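Shown below is the structure under consideration.
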Amino acid sequence: MFNDIPIGPVTIHMYGLMIALGFLSAYYLCVYRGRRRGLSEDILWGILCCAIVGGLIGTRLLYYIVELPTIFKDPSILWDFKNGYVVYGGIIGGVLAGFLYCRKKKVSFLKYFDLVMPAVALAQGLGRLGCFFAGCCYGRETDAWYGITFRNSKFAPNNVKLIPTQLISSAGDFLICGILLFYAARNPRDGRVASAYLVLYGIGRFAVEFLRNDYRGSIGWMSTSQIISIGIVAGGALLYMLFPKFLEKEPETK
């Protein structure tokens, strides 16, 4: 695929464009749904700003952790910001930053957590399309009819048919977004939409990892992301079962 598309004197970087579209789409979806639920747009904006900062820091920190042995050999990796971002780090960092912001503002974290997560899935779906254009997060070689061949990628092996893991991930993220929006429309109790995201995304990511062929770190036969996926699914299940205890300590929503 082509990541850099020149249009006259301007070059459009598709990866960055899809990331930007993901952020904007997530924000407007949150604002639209938040207004209908009577949630504060100012609080929502604050959460999203904190989540973006926390997410960017988290993606980088988790990359450092995964690449620690390589960093010891080549410390210059620490200053190479062109590559090296881990999605799970962004999720963890963004959620933690949002939680701390809600605590500071004394508003219900769970209500905003439920509101934001369908939009996060939407943003991830668009982001994975960016991965497809760039050729990162590529899949294993295949002879199947659905295989794709990159010609100008700086990341994926070129001129080889590969499983389109980016498109599979993107479709899965969009599906999760749809499922969460449908579930949220049924007005479940606080925390359950977010817990559904954690379980669905964790399971989907665990499965897609078997199809990927880019280096992501590993522990035994599982990739680092699969290890984290198990924790994410467990966390979602615990949130679903233990949310009444969280509600008892949650401040009222502003």
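The values are calculated or read from the model by the stated rules, or taken from the named source; none is laboratory data. Because the structure is predicted, anything quoted here is derived from the model rather than measured. Methodologically, a virtual Cβ is constructed for each residue, glycine included, from the backbone with ideal geometry; neighbour enumeration extends over all protein chains shown. Just the protein is used for accessible areas: all its heavy atoms, side chains included, with ligands, DNA and RNA removed. Shrake-Rupley method; radii C 1.70, N 1.55, O 1.52, S 1.80 Å.
Pairs please, first residue from segment 53-80 and under 23 Å from G16 (Cα atoms), second anywhere and at pLDDT 80 or above and hydroxyl-bearing (S, T, Y), Cβ atoms under 8 Å, 6+ apart in sequence or on different chains.
L62/Y88
While we're here: Return only the number of the condition from (1) over 14 Å from the mean Cα position of the chain (by Cα); (2) open to solvent by 20 Å² or more (accessible area, probe 1.4 Å) that L110 does not satisfy.
Of the numbered conditions (1) over 14 Å from the mean Cα position of the chain (by Cα); (2) open to solvent by 20 Å² or more (accessible area, probe 1.4 Å), the odd one out for L110 is (2).
If you go through segment 152-184 one residue at a time, how many are part of a loop (DSSP other than H, G, I, E, B) and either under 18 Å from I19 (Cβ atoms) or free of Cβ contacts under 8 Å to residues at least 60 places away in the same chain (or both)?
Going through segment 152-184, the residues part of a loop (DSSP other than H, G, I, E, B) turn out to be 152-160, 163-164.
Now restrict to residues that are either under 18 Å from I19 (Cβ atoms) or free of Cβ contacts under 8 Å to residues at least 60 places away in the same chain (or both): 153-160, 163-164.
Within segment 152-184, residues that are part of a loop (DSSP other than H, G, I, E, B) and either under 18 Å from I19 (Cβ atoms) or free of Cβ contacts under 8 Å to residues at least 60 places away in the same chain (or both) number 10.
Kindly indicate whether any position in segment 132-141 is more than 30 Å from E41 (Cβ to Cβ), in contact with a helix residue (DSSP H, G or I) (Cβ under 6 Å, 6 or more places away or on another chain) and in a loop (DSSP other than H, G, I, E, B).
yes
Continuing with the same structure: May I ask you to list pairs of residues, at least six apart or on different chains, whose Cβ atoms are under 8 Å apart, with the first in segment 228-254 being modelled with pLDDT of 90 or more and the second being surrounded by 13 or more Cβ atoms within 10 Å (Cβ to Cβ) and among the acidic types (D, E)?
S229/E209
Results for (1) crowded, with 21+ Cβ neighbours inside 10 Å; (2) closer than 17 Å to A185 by Cα, shown as yes or no for each residue.
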position: G94; (1), (2): yes, no
position: G98; (1), (2): yes, no
position: K106; (1), (2): no, no
position: D114; (1), (2): yes, yes
position: A121; (1), (2): yes, yes
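Of everything in segment 1-18 that's in contact (Cβ under 8 Å) with a residue 12 or more places away in the chain and not small (G, A, S), which residue is most open to solvent (accessible area, probe 1.4 Å)?
F2
Among the residues of segment 180-190, are any open to solvent by 40 Å² or more (accessible area, probe 1.4 Å), modelled with pLDDT under 95 and basic (K, R)?
Checked against the condition, which is being open to solvent by 40 Å² or more (accessible area, probe 1.4 Å), modelled with pLDDT under 95 and basic (K, R), segment 180-190 yields at least one hit.
Based on this model, can you work out whether F206 counts as surrounded by 19 or more Cβ atoms within 10 Å (Cβ to Cβ) and at pLDDT 95 or above?
yes
For segment 150-163, how many residues are more than 19 Å from R216 (Cα to Cα), at pLDDT 95 or above and under 25 Å from the mean Cα position of the chain (by Cα)?
Number satisfying all stated conditions: 0.
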